[in-house]
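Participant: My structure is below; once you've seen it, I'll send some questions.
Bear in mind these aren't lab numbers, they're just calculated from the coordinates by the rules spelled out. It should be emphasised that the depicted structure is a prediction, and the values quoted were computed from it without experimental measurement. Reconstructed Cβ throughout: ideal geometry from the backbone, glycine too, with neighbour counts over all protein chains shown.
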Amino acid sequence: MLIKINSEEDTTRYGLSLASQLSPGEVVCLVGDLGTGKTALTKAIAEGLGVTEHIVSPTFNIVKEYHSGRMPLYHFDVYRVSDPDELFEIGAEEYFYGEGVCIVEWADLIPDMIPSGSRVIEISYGEAPQERIYDIGWTE
Ligand SMILES: Nc1ncnc2c1ncn2[C@@H]1O[C@H](COP(=O)(O)OP(=O)(O)O)[C@@H](O)[C@H]1O
Ligand SMILES: [Mg+2]
C-alpha cells in the first residue's frame, strides 16, 4: 500500500495514528535512505505510545529502550552493524520476540534477524522537499 506524505506534520500524524494500532510484540521496520525521516517517524510513534523521554538516534548504541509509554519501546538503528554477532551480543532476539514494540531503522540490512509478519515501511523521497512516499508491507 502506498501513502503520500506531504510534510513533516503528515509524518507526525501518521506516526501518532500508527502508534494507536500497535500492540506488544510488534516489530516495525523502517527502510529508506538517510534523511527520509525514519527517526522523525520513530519520534512520532514514540509520542503516540506516550513516551515522555527525549528520543535520540541509537546509531552508536544499536538499541535504546524507553519505558515511559503504554508499552516498552525498543528503538534500533542497525546502520553501523557490520557483524550479526553484534546483534546477538545485545540480545536482539529477546527484544524482537519480547513484549515491547521494536522499531528498526535500516532493517533491510539484517533481513535474517527480523521476525516474519513484521510491518515494513519503505520510505522514499518525493518530488517536493518535504514529500515522502511510504510503501507499507509485511515481511514473509
Ligand atoms: N515529511 C517529512 N517527514 C520527516 N522528515 C522530514 C520531512 N520533510 C522533511 N524532513 C526532514 O528530513 C530529515 C529527516 O531526518 P531523520 O528523521 O533523521 O531521517 P533518517 O532517520 O531517515 O536518516 C529531518 O531533517 C526533517 O526535518
Ligand atoms: Mg535515523
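Participant: Condition first: within 15 Å of ligand 2 (Cβ to nearest atom), among the aliphatic types (A, V, I, L, M), under 17 Å from Arg119 (Cα atoms) and out of contact with any strand residue (DSSP E or B) (no Cβ under 8 Å at 6 or more places or on another chain). Can you find one or more residues in segment 34-44 that meet it? Spell out how you get there, then give the answer.
Facilitator: Step one: filter segment 34-44 for residues within 15 Å of ligand 2 (Cβ to nearest atom), giving 34-44.
Going one step further and asking which of them are among the aliphatic types (A, V, I, L, M), we end up with 34, 40-41, 44.
Now narrow it down to the ones that are under 17 Å from Arg119 (Cα atoms): 41, 44.
Filter once more, so that each one left must be out of contact with any strand residue (DSSP E or B) (no Cβ under 8 Å at 6 or more places or on another chain): 44.
Checked segment 34-44: at least one residue is within 15 Å of ligand 2 (Cβ to nearest atom), among the aliphatic types (A, V, I, L, M), under 17 Å from Arg119 (Cα atoms) and out of contact with any strand residue (DSSP E or B) (no Cβ under 8 Å at 6 or more places or on another chain).
Participant: For segment 12-33, enumerate the residues that are within 13 Å of ligand 2 (Cβ to nearest atom) and among the charged types (D, E, K, R).
Facilitator: Hit for segment 12-33 is Asp33, nothing else.
Participant: Here are the criteria: (1) over 25 Å from Ala128 (Cβ atoms); (2) surrounded by fewer than 16 Cβ atoms within 10 Å (Cβ to Cβ). Tell me which single one Met1 does not satisfy.
Facilitator: Of everything listed in (1) over 25 Å from Ala128 (Cβ atoms); (2) surrounded by fewer than 16 Cβ atoms within 10 Å (Cβ to Cβ), Met1 misses just condition (1).
Conditions (1) hydrophobic (A, V, I, L, M, F, W, C); (2) under 27 Å from His67 (Cβ atoms), marked per residue:
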site: Phe88; (1), (2): yes, yes
site: Glu94; (1), (2): no, yes
site: Val104; (1), (2): yes, yes
site: Pro115; (1), (2): no, yes
site: Val120; (1), (2): yes, yes
site: Gly126; (1), (2): no, no
site: Asp135; (1), (2): no, no
site: Glu140; (1), (2): no, no
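Participant: Might you let me know whether segment 126-137 holds any residue that is out of contact with any Gly (no Cβ under 6 Å at 6 or more places or on another chain) and either assigned to a helix (DSSP H, G or I) or over 20 Å from Thr11 (Cα atoms) (or both)? Steps first, please.
Facilitator: At the first step, the residues of segment 126-137 found to be out of contact with any Gly (no Cβ under 6 Å at 6 or more places or on another chain) are 126-131, 134-137.
So of that shortlist, the ones also either assigned to a helix (DSSP H, G or I) or over 20 Å from Thr11 (Cα atoms) (or both) come out as none.
The answer is no, given that none of the residues of segment 126-137 is out of contact with any Gly (no Cβ under 6 Å at 6 or more places or on another chain) and either assigned to a helix (DSSP H, G or I) or over 20 Å from Thr11 (Cα atoms) (or both).
Participant: Hey, another quick one. Could you list, in sequence order, all residues of segment 72-89 that are exposed (fewer than 14 other Cβ atoms within 10 Å of the Cβ) and within 16 Å of ligand 2 (Cβ to nearest atom)?
Facilitator: Arg80
Participant: Can you report the number of residues in segment 30-63 which are part of a loop (DSSP other than H, G, I, E, B), among the small types (Gly, Ala, Ser) and surrounded by 13 or more Cβ atoms within 10 Å (Cβ to Cβ)? Give the derivation first.
Facilitator: Step one: filter segment 30-63 for residues part of a loop (DSSP other than H, G, I, E, B), giving 32-37, 49-62.
Next, only the ones that are among the small types (Gly, Ala, Ser) stay: 32, 35, 37, 50, 57.
Right, trim to surrounded by 13 or more Cβ atoms within 10 Å (Cβ to Cβ) and you get 32, 37, 50, 57.
So the count comes out to 4.
Participant: For segment 42-56, which residues satisfy the criterion of being more than 15 Å from ligand 1 (Cβ to nearest atom) and of a type in the set (A, V, I, L, M)?
Facilitator: Leu49, Val51
Participant: Which condition breaks for Ala107 when tested against (1) aliphatic (A, V, I, L, M); (2) surrounded by fewer than 19 Cβ atoms within 10 Å (Cβ to Cβ); (3) within 14 Å of ligand 1 (Cβ to nearest atom)?
Facilitator: Of (1) aliphatic (A, V, I, L, M); (2) surrounded by fewer than 19 Cβ atoms within 10 Å (Cβ to Cβ); (3) within 14 Å of ligand 1 (Cβ to nearest atom), only one is false for Ala107: (2).
Participant: Under 7 Å between Cβ atoms, at least 6 apart or on separate chains: pull out the pairs that start in segment 35-49 with a residue that is within 17 Å of Gly126 (Cα to Cα) and end on any residue that is in a loop (DSSP other than H, G, I, E, B) and more than 8 Å from ligand 2 (Cβ to nearest atom).
Facilitator: Lys38/Gly32
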